[in-house]
Amino acid sequence: EKLFAASVAADDDQWLQFQVEADVPARQQLDQLKLWLVSNRPSSIARSSGVGWIAVKFKDKGKKVLEAKAAWDSHEGEKTMEVVNELATEFHVMGGKWMCHLPSGFIDDVWAKLAISLMCGGLGPSVYMVKVSPVEDIDPNLARGDHVICVYNTNYKDTEQVMRVENLMRSAGVETLLNYKPDIFSALGIYRNNKWGFRPTIYCSRVMLMEGKSRVETVGTGNWYYNSSKGLQYPEVEGRRKIHQDKENNEKMVPDIVNRSDLRKTTMEDRKVLCQQVVPTDTCLPNMVSKNKKHVSSKVSNDGANSVPATLASGLDSFPLKSLDKINGKNMK
C-alpha cells in the first residue's frame, strides 16, 4: 500500500517531459532532445523539488485506473492471474513496461540512450514513452538508492511484442537486469511484498553479451527462453534430450555396478573356500613363522595332488591364479 501510494503521488506531481512530435522528422528534433537531456539529468533532480517523473514520450500513458483497484479490492473470491487479466480487459489497462534499476552514477547515460532511441524509432512502433525517476530524497527506502527506468509498450499479453522491445533495448546499449511488469499490476497495487503473494513482475531478462542474446525467465515458473533479433527461442531440444539420456544411462549403470560388485564378492568367497582346502604339512609349520619368510610347499588334503606354491607374506588365501585354476580343475570336480 505504501508503494502504491508513492506511485500515485509521483504520477500526480510535476512531470519534466519532452514531447516528441510524430509529424516532425526525428533529425530536426534530435538536437533539441540532446540539449533537454543535458538540462534534465535524473541524477541531479530531487524528488523533493516536486518532480515525480522525467519522461520522453509520443503520447501520455494516462493515470492509474482507480476503478480497477476498487474492483480488485472488492473481489470476494480467490485473487488469481485470471482475475487480473479480466480486470485488465474490462478497464482497458493492457500496456506494460520493461524496468531497470540503476544508481545515480550510471542512470544518466542509460537514460539518454533510451530516450534518443525512442525518438529515432529504435525501440519499435509499440513503445510510446520512456520515463525515469528522480533522486528519491523524501523516503530513500522506497527506491533503495536506485532510479527506475520504465519503457512502455502497448500490450503485455502480446509476447512477441514484449520480447521485441526487450531485444531493441539491448541493441540500444542496456546491459543491466530487466524486469517486465504489466500496467494492471501497478493499477491494482501489486508491488513487491504484496499481501496477495503475487510476484510483482512476469518476466526477468539477463543479457548474454558474448552470445548476442538474452535469457528471459517467466518469473516463478522456472521456464526460460533465449531472446535475440531472431525472436524468442526455446532452449535446445537436443540438449535437453541428451541430458535426459545421460540420466537414464546413469540409472542403468547403477544395477550393473552392483552386479559387478556382487561378482567380485562371490569370486573372493570362492577363493577363500579353495584356500581353506590347502593344509600346510608339519614340516612347513616351522618355516611359516621363520623370519626370512621363505616360500614353502603345501599339499592338498585327501587326494595327494601336486603341491602348489603359497606366499607367506600375504597368507594362504593369496595363491597365484594359475595355481587356483589348477586346484579348481583337478580337485573340485
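The values are calculated or read from the model by the stated rules, or taken from the named source; none is laboratory data. Quantities reported herein were computed from a predicted structural model and do not represent experimental measurements. Glycine gets a Cβ as well: all are built from the backbone with ideal geometry, and neighbour counts include every protein chain shown. Quick note on the areas: whole protein, heavy atoms, side chains included, nothing else; ligands and nucleic acids left out. Shrake-Rupley method; radii C 1.70, N 1.55, O 1.52, S 1.80 Å.
Observations, loosely collected:
- Of all the numbered requirements in (1) closer than 22 Å to ASN227 by Cβ; (2) within 27 Å of the chain's Cα centre (by Cα); (3) surrounded by fewer than 17 Cβ atoms within 10 Å (Cβ to Cβ), GLY121 misses one, and that requirement is (2).
- Single match in GLU82, GLU67, GLU78 (criterion: open to solvent by 60 Å² or more (accessible area, probe 1.4 Å) and more than 36 Å from the chain's Cα centre (by Cα)): GLU67
Residue-wise test of (1) under 24 Å from GLN19 (Cα atoms); (2) touching a Pro at 6+ places or on another chain (Cβ under 7 Å).
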position	(1), (2)
VAL130	yes, no
ARG144	no, no
THR159	no, no
ASN167	no, no
TYR191	no, yes
GLY197	no, no
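Residues are listed down the side, and each one gets a yes or a no for (1) acidic (Asp, Glu); (2) over 23 Å from ILE202 (Cα atoms); (3) open to solvent by 40 Å² or more (accessible area, probe 1.4 Å); (4) without any contact (Cβ under 8 Å) to a residue 24 or more places away in the chain:
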{"residue": "GLU21", "(1), (2), (3), (4)": "yes, yes, yes, yes"}
{"residue": "SER39", "(1), (2), (3), (4)": "no, yes, yes, yes"}
{"residue": "ARG47", "(1), (2), (3), (4)": "no, yes, no, no"}
{"residue": "LYS59", "(1), (2), (3), (4)": "no, yes, yes, no"}
{"residue": "LYS97", "(1), (2), (3), (4)": "no, no, no, no"}
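- A single member of ARG199, ARG192, ARG215 is open to solvent by 80 Å² or more (accessible area, probe 1.4 Å) and not in a loop (DSSP other than H, G, I, E, B), and it is ARG215.
- Residue count, the stretch 149-185 (criterion: among the polar types (S, T, N, Q) and without any contact (Cβ under 8 Å) to a residue 60 or more places away in the chain): 3
- Unmet criterion (only one of (1) open to solvent by 40 Å² or more (accessible area, probe 1.4 Å); (2) touching a residue at least 12 places away in the same chain (Cβ under 8 Å)) for ASP109: (2)
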